[in-house]
1. Taking only the range 43-77 into account, find how many residues are polar (S, T, N, Q), without any contact (Cβ under 8 Å) to a residue 24 or more places away in the chain and under 20 Å from ILE99 (Cα atoms).
2. Do you know which residues across the range 5-60 are surrounded by 10 or more Cβ atoms within 10 Å (Cβ to Cβ), aromatic (Phe, Trp, Tyr), out of contact with any Lys or Arg (no Cβ under 9 Å at 6 or more places or on another chain) and closer than 19 Å to GLN114 by Cβ?
3. Please determine whether any residue of the range 105-120 is at pLDDT 95 or above, within 30 Å of LEU13 (Cβ to Cβ) and in contact with an Asp or Glu (Cβ under 8 Å, 6 or more places away or on another chain).
4. Out of the residues in the range 143-156 meeting the condition of being surrounded by 14 or more Cβ atoms within 10 Å (Cβ to Cβ) and at negative phi, tell me which one is nearest to the chain's Cα centre (by Cα).
5. So, GLU133, is that one under 30 Å from VAL14 (Cβ atoms), surrounded by fewer than 18 Cβ atoms within 10 Å (Cβ to Cβ) and modelled with pLDDT of 95 or more or not?
6. Go through the range 66-99 and give me each residue that's within 16 Å of PHE136 (Cβ to Cβ) and of a type in the set (Ser, Thr, Tyr).
7. With respect to LEU80, is the statement that it is surrounded by 14 or more Cβ atoms within 10 Å (Cβ to Cβ) and either under 16 Å from the mean Cα position of the chain (by Cα) or closer than 26 Å to ARG8 by Cβ (or both) true?
8. Out of (1) of a type outside the set (Ser, Thr, Tyr); (2) crowded, with 18+ Cβ neighbours inside 10 Å; (3) without any contact (Cβ under 8 Å) to a residue 60 or more places away in the chain, the odd one out for GLU88 is which?
Amino acid sequence: MKKISVLRPFSNLVKYEEWRSSWGDQSQVDIFSYVSFFCGPEDVLLFCRVLFPDFVVDRGGVFLSRSFEMDNASSWFETLLGDVRAVERLLNHTHMYDIFSSCSQGVSDEIFLQLADAVAVSWRLVLRDKFPEKNFSVEVSNTEQDYGPTVTFYQI
C-alpha cells in the first residue's frame, strides 16, 4: 500500500486543535468531524468558486473571470506592450487576506500560506483540465512586497 498526499500535512490549526483537545477520546474525532460540526455546505460550496474559478480568454491570455475588466485589461496590455504573460501574472494574482478580509484577525500567516498552497494545487489541476493545449505556472508568494500569501498564474 502506498499513500499519496496532494497537500502537505496541515500545521498551526489552533481552532481545530483546541476543539479536538476538548474531546475525551480524541481518536474519535478528526478533521472531517470538525468540518461536520462547524462548516456549512453552503460555505464550502461558495469557497469552491475560489478553488475552481471561471476564466475569460482574451488576446491569447487566460484570466480569472472575477477580476477581469476589459478596460483595465486593455490598459495593462498597452502599458506592458502586449506581454500576455505579464498581464496574466498581474491580473490573476489573488491575495488570501482579501478572500478572508472579515475574519483574518488572529489567524496566523502559516494558515494563509497553507491555504494559498491548496488554492495553487487546485488551479494547476483546473487549468490543465480546461486548457490542455497551454502550459501554466501557478505560483505562491509571500514576500515583503506582497499583501500576505498570494497566488497567481500565467502561461509559460
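1. 1
2. Scanning the range 5-60 gives PHE10, TYR16, TRP19, PHE47, PHE52.
3. yes
4. VAL151
5. When the stated conditions are applied, GLU133 does not pass them.
6. Listed by number, the list holds a single entry, THR94.
7. no
8. Status for GLU88: all satisfied but (3).
The values are calculated or read from the model by the stated rules, or taken from the named source; none is laboratory data. These figures come from a predicted structure and were not determined experimentally. We place every Cβ from the backbone using ideal geometry, glycine too, and count neighbours over all the protein chains shown.
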